[in-house]
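Here's the structure we're looking at; comments come further down.
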Amino acid sequence: MCRIGAIKSLDYVHPSRALRLMQSQQKGHDNSGFAMVMQNLGGIFESYKHLPTLSMACTDKGIKIAENILHEIGFRRILQWSPEVNDWPGLDINAMPHYVFETFNYPPQYENARRKEREELLLNTRLKLRAALEEDEEGFVYSFWPDVITLKEIGDPHDIGTYFNLWEADSRFTAKVITAQCRQNTNYDIVRYAAHPFHLQGYTALANGENTFYLKNKEFQQRLHRGYIGFESDSQCFLYTLHYVHRELGWPLNYYKHVVTPLPFEEIEKRDDQKQLLAIRQSLAHLEINGPNTIIGMLPDNTLFTCCDAKKLRPVVIGRDERTVVITSEVCGINEILPERNWEDDIYPNERETIVVTDDLEVQRWKQ
Amino acid sequence: METVKLNDITVNDLPWKIAYDASRCTMCGSCVATCSFRAIKPKVERRRMVFSEGDFPEPQARFSAVPVIHQVNSIRDYCRGCGMCEKVCPNDAIKPVRNPDTRHPIVTRCLGGDSIKRGGRKNLEGSTRTLDTIRVGRISQMTDPSLDAQRHTFDLLAPFGRILPPKKLPYSATLDNSLETKEKTPPVNWIYPVIIGDMSIGALSWRMWEAVAMATAYLNEECGLPVRMCSGEGGVPVRLLKSKYLKYTILQIASGHFGWNRIVNAMPHMVEDPAGVLIKIGQGAKPGDGGLLMAQKVAKHIQAIRGVPKADLLSPPNHQGLYSIEESVQKMFLSFNAAFKFRVPVAIKVAASATSVSVFNNLVRDPYNIVGGFFLDGIDGGTGAAHEVSLDHTGHPIVSKLRDCYLAAVTQGRQGQIPLWAAGGLGKTGDLAADAFKMICLGANGVFTGKLILQMAGCIGNDLGRCNACNTGLCPAGITTQEPQLAHRLDPDKAAQNIVNYFLAMDQEIKKLMAPIGNSSLPVGRADALVATDRAVADRLQIQHVC
Ligand code: SF4
Ligand code: SF4
């Protein structure tokens, strides 16, 4: 089983906090990997928020391939940062030779382009990079997006932290939102792309659970959008549905829950918005999920949310103090990093709720 | 004694032989009275009897005239193996026995010079049914728990109506975070995933039709199962058209347009909309053939409902004037949509065929989004009357065809937009829940069934040549006949009760299949939940092969 967690704070947070959040839930996962997405970046990336940052793990050759492609398109690198690694013997990590986080200026012809055009360019570029590096596994491109960094590795999360020197907090590598997950995808093949959180055009999702409508979701999604690829994990479907409902259809976030876990027909009949809800059950029937799940999602505007499957078969808890909100699978994780909080304010959401944390840290409970 | 000539028909040429035990028979006459085919009759035989009357055995022989029951050796009045005689005999003195040496297919053609006609399903049994090589093999355990079929709630509903692609939904976000629309969307009815398939009021006795209508109403009003029945071609009693129960009925129009003048005339008096309109282009049991109602079944009330004289009623093999799919879309669908002011979904029924996917593709790409369902009927479907050669040798099995259509939709990202409904031999083994569930996993939104409904009511016909006399108007069960004496054999209340009970049992059984795969709504297209023990089936349907 996976354990998932997310920290959203008014202050910049170092990944060591995310590691501590997950480490205390160690018994609940299988120590097979660690992955995180950081958004609303601080430290060295703080002054480049508007420019896209590439997160990639690769070989020597991979770097060259990627840089050639980026150069050809016209991206100009303005910042490069690689974590200093502790390549100590005995660490349980299956690392790629290079981890690069590079920030680029847009190609000149896109300097004055509209936001939408730039966003399509970024996605196209990432897909191109991924395809080019896929052969011989020269590299893995996790995200290419402004103000977002992704790191994924196979191994023991504790050792991964040691390897990337993430246990020691500093102010250089921080963010106001960090989502993290411990475990590779052990249901299917162990591949780096299979580790959530997954990121697409500013949307991030991670999940604890199984999606028994995976095949239905996948078969439908792969024709919906060129960015819906991979499907190395059944949890990717949650991200693609989020992206589709919120960005492609332009629907408010509260409809996400209606799409993934629609209300039973007899409840829909009693509602004022039954027309809309039936339309969802009809046209988006293949995006419904089934099976036990807890999903954590993040929107481009830094809104964080969580919701569960319709039978609440997976745990999740939300704890907070004045400056930080934490969403995670088990309360021991929150106890670890917010020991002083008032635990009576902890929220254990029910199966028909979406808990939303706005950018100014207001926690809202939405009833489906 | 008459001379028997070589080519005379004898009982041994017929498909069934009567096994009769004169020593048990009390000559009550029940069997002869009950045989609607007049396949047996009493006669007197000269019999030799050996007896002994003294204290010591002194056998003597005596000849006497004995009344007995005798099988008729006629290719018209032949025994159908219906077993009614056996059922009514108080002494177990008589029963039909299948004759493996029958020459019936040959002698009937030789003597009649006409094609053989009958009802029922395909009677060529050979290999294992495809669906029986498939099992529900992906069982939820451990981290992905099974559900409890008794405790959890399940959404067992399927759409009937055109479903818009998500990007065509006319909804936009409002400032208060809800969705609003000003446009109309095509009508969609959510109904039970098993439709009682189109059997016309001419094919069925009025008592049987009434039983089906009663069962449908009861399932809806008392059991909470929104089951719909399709009228079949041939109209609907005006009383039903004007009643509130019309909402449970899908009206069918086929190439003969029988009964539609009544329906059109009743429109101003309708208090409810019908559940849908089904345009029948083809039928799985006899693809390429139109409907066939023999004159002997065209009784007075059928003449009234259909507005026809007593004559053989043949629907043309195709809708006159429809030369292309586009045209059918425009003409028929639009006119029926408009007739009910765009409130009633209109679907199409075709026989499964090598070309079904092309037809489906044309419909699913139709930019007007008006076709509200694709009903695919496979070769194993039943019929009231057809040429045997069509029944046995034309058509296409349903399983792979349904799968092909679903996968064609998947390739275009249009799955679910025209709901797929499948039929044709489903429930042939008596277990419709399993067949329906597997078809749903393969991509059907729901299934429809006809022959099985008759069997619930008491039809004793089967696919091994038993009875199948639905075309004759002599149905021994009172189901497919218009003869008052025969029709009265059927107790509509009991037949309706059987149908209701079967649906209740099936409903539980479908849940019993949904629970172990951990799904609370219908697993449409979840082929990953299935495994096949046959490699060829697995490859063809793109499911996992297991052994
Ligand atoms: S089995 Fe049926 S058809 Fe045959 S003799 Fe008996 S009642 Fe008549
Ligand atoms: S019992 Fe009636 S409905 Fe059944 S096969 Fe015989 S004639 Fe047809």
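The values are calculated or read from the model by the stated rules, or taken from the named source; none is laboratory data. The structure presented is a predicted model; accordingly, all values stated were derived computationally and were not measured. Positions of Cβ are backbone-derived with ideal geometry, glycine not excepted, and every protein chain shown enters the neighbour counts.
Structure values in brief
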quantity	calculated
Condition check for residue B:88: in contact (Cβ under 8 Å) with a residue 40 or more places away in the chain, within 28 Å of residue B:478 (Cβ to Cβ) and out of contact with any strand residue (DSSP E or B) (no Cβ under 7 Å at 6 or more places or on another chain)	yes
For residue A:195: the one exception among (1) more than 8 Å from chain B (Cβ to nearest Cβ); (2) modelled with pLDDT of 95 or more; (3) under 20 Å from the mean Cα position of the chain (by Cα)	(2)
Among (1) under 17 Å from the mean Cα position of the chain (by Cα); (2) surrounded by fewer than 24 Cβ atoms within 10 Å (Cβ to Cβ) - the single one residue B:505 does not satisfy	(1)
Count of the range A:94-142 residues which are of a type in the set (A, V, I, L, M, F, W, C) and more than 19 Å from the chain's Cα centre (by Cα)	9
Restricting the range A:198-216 to residues that are small (Gly, Ala, Ser) and under 23 Å from residue A:281 (Cα atoms), the residue that is farthest from the other protein chains (Cβ to nearest Cβ)	A:205
Which numbered condition residue A:191 misses (of (1) in contact with an Asp or Glu (Cβ under 6 Å, 6 or more places away or on another chain); (2) more than 20 Å from residue A:140 (Cβ to Cβ))	(2)
Every pair of residues 6+ apart whose Cβ atoms lie under 8 Å, when the first sits in the range B:517-541 and is away from every other protein chain (no Cβ under 14 Å) while the second is of a type in the set (Lys, Arg) and part of a helix (DSSP H, G or I)	B:540/B:403
Residues of the range B:91-102 satisfying the condition of being more than 8 Å from ligand 1 (Cβ to nearest atom), of a type outside the set (Gly, Ala, Ser) and touching a residue at least 40 places away in the same chain (Cβ under 8 Å)	B:91, B:92, B:97, B:98, B:99, B:101, B:102
Pick from the range A:3-45, criterion out of contact with any Asp or Glu (no Cβ under 9 Å at 6 or more places or on another chain) and within 14 Å of chain B (Cβ to nearest Cβ), ranking: modelled with the lowest pLDDT	A:29
Test: residue in the range B:28-40 that is without any contact (Cβ under 8 Å) to a residue 40 or more places away in the chain, touching a His at 6+ places or on another chain (Cβ under 9 Å) and within 16 Å of ligand 1 (Cβ to nearest atom)	no
Qualifying positions in the range A:246-274 - more than 9 Å from every other protein chain (Cβ to nearest Cβ) and in contact (Cβ under 8 Å) with a residue 12 or more places away in the chain	A:246, A:247, A:256, A:257, A:258, A:259, A:260, A:261, A:263, A:268
Whichever residue in the range B:133-144 is facing chain A (nearest Cβ under 10 Å) and surrounded by 15 or more Cβ atoms within 10 Å (Cβ to Cβ) and, among such residues, is farthest from residue B:446 (Cα to Cα)	B:143
Where a residue in the range B:434-461 is touching a residue at least 24 places away in the same chain (Cβ under 8 Å) and over 14 Å from residue B:509 (Cβ atoms) and its partner, wherever it lies, is near ligand 2 (Cβ under 10 Å from one of its atoms) and among the polar types (S, T, N, Q), with Cβ under 8 Å and at least six apart	B:454/B:480; B:461/B:455; B:461/B:468
Among residues of the range B:261-287, those that are touching a residue at least 60 places away in the same chain (Cβ under 8 Å), outside any helix (DSSP H, G or I) and over 26 Å from residue B:389 (Cα atoms), counted	6
Every residue from the range B:43-86 that is part of a loop (DSSP other than H, G, I, E, B) and surrounded by 12 or more Cβ atoms within 10 Å (Cβ to Cβ)	B:72, B:73, B:74, B:75, B:76, B:77, B:78, B:79, B:80, B:81, B:82, B:83
From A:156, A:136, residue being farther than 20 Å from residue A:204 by Cβ and crowded, with 18+ Cβ neighbours inside 10 Å	A:156
First in the range A:277-306 and free of Cβ contacts under 8 Å to residues at least 24 places away in the same chain and surrounded by fewer than 24 Cβ atoms within 10 Å (Cβ to Cβ), second anywhere and of a type in the set (A, V, I, L, M, F, W, C) and part of a strand (DSSP E or B), Cβ under 6 Å, 6 or more apart	A:282/B:188
Qualifying residue in the range B:110-132 (condition: among the β-branched types (Val, Ile, Thr), surrounded by fewer than 17 Cβ atoms within 10 Å (Cβ to Cβ) and within 14 Å of chain A (Cβ to nearest Cβ))	no
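Listed here are the residues, each with its yes/no results for (1) within 30 Å of residue B:486 (Cα to Cα); (2) in contact with a Phe, Trp or Tyr (Cβ under 8 Å, 6 or more places away or on another chain); (3) at pLDDT 95 or above.
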{"position": "B:169", "(1), (2), (3)": "no, no, no"}
{"position": "B:174", "(1), (2), (3)": "no, no, no"}
{"position": "B:195", "(1), (2), (3)": "yes, yes, yes"}
{"position": "B:202", "(1), (2), (3)": "yes, yes, no"}
{"position": "B:211", "(1), (2), (3)": "yes, no, yes"}
{"position": "B:214", "(1), (2), (3)": "yes, no, yes"}
{"position": "B:238", "(1), (2), (3)": "yes, no, no"}
{"position": "B:253", "(1), (2), (3)": "yes, yes, no"}
{"position": "B:261", "(1), (2), (3)": "yes, no, no"}
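Yes or no, residue by residue, for (1) polar (S, T, N, Q); (2) within 16 Å of the chain's Cα centre (by Cα); (3) in a helix (DSSP H, G or I):
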residue: A:217; (1), (2), (3): yes, no, yes
residue: A:238; (1), (2), (3): no, yes, yes
residue: A:241; (1), (2), (3): yes, yes, yes
residue: A:245; (1), (2), (3): no, no, yes
residue: A:255; (1), (2), (3): no, no, yes
